[in-house]
Amino acid sequence: MNGCGFDCNIFADAKLPPCASFLGSYNPLIKDGKLLYINYNRVFFFLTYNSLSTQNSNYVPKDVSTYSFQENANIQISIYDFFIGMFINEIQSGKRNYDKDIKIHDNNEIDKFIKAIIENNYENIFDQFIPSLTYVISNSNAILSLYTGTIQISPINFYIVLMLNRFANDKALLFGNNAYVTPDFINYSLANLFVQCNPY
């Protein structure tokens, strides 16, 4: 058992069948004469931005001068920073009243940093992209995710969460998308899901 109360050795001594190994599959495993189909889905959290122009109304397929460049990027963040971003979004969208006495971040200095930005109006400075918080249920080998949710946020919120990500200095999150599964309760729960059955 680990500190979260989950059995991290649940699949110890299990083996991958030769054909599954040949095909590059992780499923099923064989343990104690039974087939184990493991849930490899995990939740990943991202800070996302998209180019402001999502569609070129003057686009003509035969005219290359009407072609436009669009971009988007995803920076993997922790669930902690994701929830702070959601909380700030609730304040900025008017769904929750701002109270300077409520602690937003566990670190006092970072908490002051967040509140100093929220209490000032910087909204007119950054308007060249569409920022959002994104959560994805997927695994590192799937081409398409099982589910993707996107919450549009303000540019100020984007920069706050980006700075939180840098302040944390989590080495596993220094690369934008590195198939790193964050060790939180949700992912521990998903990792413990499996189906067991007889081979025949």
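Number of residues in the stretch 68-118 that are in contact (Cβ under 8 Å) with a residue 24 or more places away in the chain and open to solvent by 90 Å² or more (accessible area, probe 1.4 Å) equals 1. Val195 meets each of the listed conditions (1) exposed (fewer than 14 other Cβ atoms within 10 Å of the Cβ); (2) at pLDDT below 90; (3) not small (Gly, Ala, Ser) apart from (2).
Confirm whether Ser154 is under 30 Å from Ile30 (Cβ atoms) and either among the small types (Gly, Ala, Ser) or open to solvent by 90 Å² or more (accessible area, probe 1.4 Å) (or both). In short, no.
Return a yes/no flag: does the stretch 57-67 have any residue that is touching a helix residue (DSSP H, G or I) at 6+ places or on another chain (Cβ under 9 Å), surrounded by 12 or more Cβ atoms within 10 Å (Cβ to Cβ) and either among the aliphatic types (A, V, I, L, M) or touching a residue at least 24 places away in the same chain (Cβ under 8 Å) (or both). The answer is no, given that none of the residues of the stretch 57-67 is touching a helix residue (DSSP H, G or I) at 6+ places or on another chain (Cβ under 9 Å), surrounded by 12 or more Cβ atoms within 10 Å (Cβ to Cβ) and either among the aliphatic types (A, V, I, L, M) or touching a residue at least 24 places away in the same chain (Cβ under 8 Å) (or both).
Yes or no: Asp7 assigned to a loop (DSSP other than H, G, I, E, B) and either surrounded by 10 or more Cβ atoms within 10 Å (Cβ to Cβ) or in contact with a helix residue (DSSP H, G or I) (Cβ under 6 Å, 6 or more places away or on another chain) (or both)? Against the criterion (assigned to a loop (DSSP other than H, G, I, E, B) and either surrounded by 10 or more Cβ atoms within 10 Å (Cβ to Cβ) or in contact with a helix residue (DSSP H, G or I) (Cβ under 6 Å, 6 or more places away or on another chain) (or both)), Asp7 qualifies. Applying the criterion of being within 12 Å of the chain's Cα centre (by Cα) and among the β-branched types (Val, Ile, Thr) to the residues of the stretch 128-149, the residue that is surrounded by the fewest Cβ atoms within 10 Å (Cβ to Cβ) is Thr148.
The values are calculated or read from the model by the stated rules, or taken from the named source; none is laboratory data. Quick caveat: nothing in here was measured; it's all calculated off a predicted structure. Every residue, glycine as well, gets a Cβ built from its backbone with ideal geometry; the counts of neighbours run over all protein chains shown. Just so you know, the surface numbers come from the protein's heavy atoms only, side chains and all, with ligands and any DNA or RNA stripped out. Shrake-Rupley method; radii C 1.70, N 1.55, O 1.52, S 1.80 Å.
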